[in-house]
Amino acid sequence: MRFYCCWKNAKAAAARKRAIAAVTALAAFCVWAVPIGAPAADDDQQEQLALSLLNGQSCAQRYADDSASGAAAVAQTTPTPQTSPTPATSPSPFSTPGLPGAPGGVGNGTYTLNPQQRPRPGQSPAVTPPPIPTATPNPTPSTEPIFLVRGGETPPPIPPAGQATPEPTPEPTGAPTLAPGFVAVISDKWTGNRERGQPSDAIGNVHIYYGDEEIVGDKAHFDGDRTITITGHPFLINHEHNSVLTGDMIVFDTVVQTAKLTNGKGASDEGVQRGLVHFQASDLHTDPDGKAHGLNPYVTTCENPRGGYHITGKDMDVYPGDKIVIHKAVLWLGLAAVFYLPLLIIPLRSVTNERARARWFPEVGYDSYEGAWIKIQIPFGKDQFYYGYYIVNYFTKLGLGLGYVGFYSSKKGRRSVSVNVYTINNQQGGGRQTNLALTEQENFSQHLRGNFQLSYQSNYGPLISIPPTESLTEAIVHQTAQTSQNYSFSHSGTGGQGSSNSFTFSDTRQFNQNLNQTTTYNISDSSASFGGITSFNNQSEFDYLMQYTTAGADYQMEFDKIYSQQATGINKIPEFQVRPSDFFQHFVIPLSAQLTVGEYSEPSGEGEPKSLATWRGDANLVAGPLDAKVLGSDFEGTVTVDQYAYGTGDLKAAVEQDLSLTTPVSSHIVNTLTYNEANYNGPALVPFQYLDQQPTQNTKNAQDMLRLFNDDIYAFSLGWTTNFDGFAQPLSYQLTAKPSPRSVVMLAGSFIPGPGQGFETTNLQLSTPFGRDASLQFVTNINWRPSLGLGEFFSDKVIYYTRTIGNCYQLMVLYNESQQAINVGLNLLAFPTQTAVFQIGSPQPVVPTTFNF
């Protein structure tokens, strides 16, 4: 688009003089930019423009309030409307009134950029025809208007992430707006040639508005074609004021709405959990949607990079709120380059699936089993539809391990796939060993979906050899508002020692609000080998469940029949349950009950006599939980009673009691007494072997816990217990104290009374500050009787040191005596997930059972 003065036609000198005189009398100088190809204004149109400026008094009001001269320019980035061939009725930009009056209290030259057209006397309002489409599509403008409130001449401070940031007002009162697709320029004054296609300059507190961005500088030069060059401490800031870019010079293209910064620097809190992310590049330019691209980048989240870290590279792409991509990245700690990565992707958003998160930099370490090793994860992918990372691990004693972790999803959301593969040629004698996991989800239609999962686990692991295992599951589900059908198949196997297969079909139907049913049919087979003997079992099961709910009770009927080669489980032929919902609601003690009756049998295997089939009833009553005050103490109790009766004449019963009494002795002392008792009566495994099993002995137990505390300064607890069997039980103790606001000490252990007994191992944990922004944690077990061969007096020592450097990253050092491991970690605090990028002597097992390689 081209900027040029409203009064362009040399043939209308008189009208131009009258208009200029009118505007000058208002102490303002307003300059417009009109679309390329618009016809020149005639005398009447120019006069109408001057009159509209006088009537609107926008410039006069603005500069009367600020006591300064001003100028404004507007450029439209959308295609030029096609005018009618009839001059008398063709719409013209000059038939549009000038800037409307700025509201009171709005300073710095703010105004609306989409004024309403005012028809001349005797004419009807002009209708603007639709724009002519162009061969090159324009960038998608913001759908929300930009509120034009000009700020200062220097970049405003950005609140760091983690601090409260005021939300932008959706519609400031009285603030003019910029329509989508338009560009606005506001300055103190305007100089240069006002002819179409001629260069001109905006001088003094220049603000350029477009899309969701704003460019500010001391001077802006328009080349008369499409480019504006902004100099004089220029900067670019977004509408939310949470990202700002500065440079020696900014070149803005008004057509494609891109900005190019020379020696550009930036700061943003978008996608940062703590502080700000700072970046700069020698050739930094932005897209209309806010994406930034640059060469020779420099990225850090440290306010003092020399005392922290920074990343350099060949080029950089910044996707606000998503990620930063750097090619040929180098990590620097202070002045030392510590690692190189061909491609580095820094997430600016939280990753909920930890398996999908790649580590930025390698882990290195050494242990006696694997030797020296290095583990690298190289990320790939451009968007959320396909991404992942490659795994490259090298162990001096085991060999080279390679892996692939990829995630794919269709843009329509119909399919998603994840693949995890890891293989290693184990030089310790294990040969080629591979782990695999594959998951696929498919949405065939709105009501039909499928799920497929496959995993294979080899026997790779330190100091362990397990048989390979594999598993496969496939499920197809059809679901509507009232019905659902599920078809599933599963297979599992363990290294030739056993396998199982199962097919299940289930159908669920909701007839109405009160009645529903579920039908399930399962067929399975299994085999197992042990000691050279192989056993097989085939089984099928049919289960039908109907539930009916009323306001007073829930009713349930279940028919469950098992056909099996080996007798297992229980047949319900059928079973009925009733659960009243208002069972003596107003009784002193809360009561709930359930009555179960039915006919049951145990499946008989092939060649076995027919199993017993008889009726059985179970009356269940629960009294409680009862909460009550007893002499200033809090009492809580629950009693559960089950009475069983069988068609064989056998009877069983079970009574369980759970009671507790909490007594506050003083404001710093509390005593808690608990009592548990279980009484059983009747034969344990009669008449059914797999139904109503119960212990043959009654049990009871009492515990007492005495707690002494003083806010969070200290807390001491002493507990003892008895099983009422004549044997002394250990006394437990725990002390937690805070010698200072940042220090914590904890002691926990037990004492066994009796001759030759005494204190057992005591666990000691200590956490204390250890210098500025640093802390030290020490964990150990104290053996009070090392002479008995229980180990050293201080054994299993763990020392953990952490230090926060420059409020930017954490240095972590961990020593574990029992595992003979030393860990050194680096944790970046700003970015989501707080990724640990370095680690030495990783203590976690190497067996990738969860595929967190």
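The rows are residues; the columns are (1) open to solvent by 70 Å² or more (accessible area, probe 1.4 Å); (2) at pLDDT below 95; (3) at positive phi; (4) among the basic types (K, R).
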site	(1), (2), (3), (4)
S502	no, no, no, no
T508	no, no, no, no
N516	no, no, no, no
G531	yes, yes, yes, no
F536	yes, yes, no, no
Y544	no, no, no, no
Y548	yes, no, no, no
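Criterion applied to V149, V185 was being at pLDDT 75 or above and of a type outside the set (F, W, Y), and the one residue passing it is V185. Hey, any hits in segment 189-201 for a residue that's touching a Ser or Thr at 6+ places or on another chain (Cβ under 6 Å) and crowded, with 22+ Cβ neighbours inside 10 Å? Checked segment 189-201: no residue is touching a Ser or Thr at 6+ places or on another chain (Cβ under 6 Å) and crowded, with 22+ Cβ neighbours inside 10 Å. Among all positions in segment 746-761, there is at least one residue which is touching a Phe, Trp or Tyr at 6+ places or on another chain (Cβ under 6 Å) and touching a residue at least 24 places away in the same chain (Cβ under 8 Å).
Segment 204-275 holds strands (runs of 3 or more DSSP E) entirely within its bounds, and those carrying 3 or more residues that are more than 30 Å from the chain's Cα centre (by Cα) map to 213-222, 227-231, 249-253, 258-268. Within segment 279-311, which residues are β-branched (V, I, T) and closer than 18 Å to G806 by Cβ? Once the filter is applied, which keeps residues that are β-branched (V, I, T) and closer than 18 Å to G806 by Cβ, segment 279-311 yields V299, T300, T301, I311.
Of the residues making up segment 297-317, just one is closer than 11 Å to G264 by Cβ and open to solvent by 10 Å² or more (accessible area, probe 1.4 Å), namely Y298. Somewhere in segment 674-686, is a residue under 30 Å from A715 (Cβ atoms), open to solvent by less than 50 Å² (accessible area, probe 1.4 Å) and aliphatic (A, V, I, L, M)? No, the conditions are met nowhere in segment 674-686.
For segment 392-415, the candidate set comprises residues that are among the polar types (S, T, N, Q) and assigned to a strand (DSSP E or B); within that set, the residue that is surrounded by the fewest Cβ atoms within 10 Å (Cβ to Cβ) is S409.
Scanning segment 246-270 for residues that are crowded, with 21+ Cβ neighbours inside 10 Å and under 12 Å from G217 (Cβ atoms) yields a total of 6. Of Q765, Q777, Q839, all but one fail to be modelled with pLDDT under 85 and out of contact with any helix residue (DSSP H, G or I) (no Cβ under 9 Å at 6 or more places or on another chain); the exception is Q839. The strands (runs of 3 or more DSSP E) found entirely in segment 617-712 that carry 1 or more residues being closer than 20 Å to T596 by Cα are 633-646, 651-666, 669-681. For segment 293-324, a tally of residues being at pLDDT 85 or above and in a strand (DSSP E or B) returns 10.
Within segment 416-453, the set of residues being assigned to a strand (DSSP E or B), within 30 Å of A372 (Cα to Cα) and not polar (S, T, N, Q) comprises V419, V421, Y422, I424, G431, R432, L436, A437.
With the requirement that a residue be exposed (fewer than 15 other Cβ atoms within 10 Å of the Cβ) and not β-branched (V, I, T), what does segment 690-708 give you? Selection gives Y690, Q693, P695, Q697, N698, K700. Scanning segment 635-673 for residues that are open to solvent by 70 Å² or more (accessible area, probe 1.4 Å) and charged (D, E, K, R) yields E636, E656, D658.
The values are calculated or read from the model by the stated rules, or taken from the named source; none is laboratory data. Bear in mind the structure is a predicted one, so any value in this text is a computation, not a measurement. No Cβ is skipped: glycine too gets one built from the backbone with ideal geometry, and neighbour counts run over all protein chains shown. What goes into the accessible areas is simple: the full protein's heavy atoms, side chains included, and nothing from ligands, DNA or RNA. Shrake-Rupley method; radii C 1.70, N 1.55, O 1.52, S 1.80 Å.
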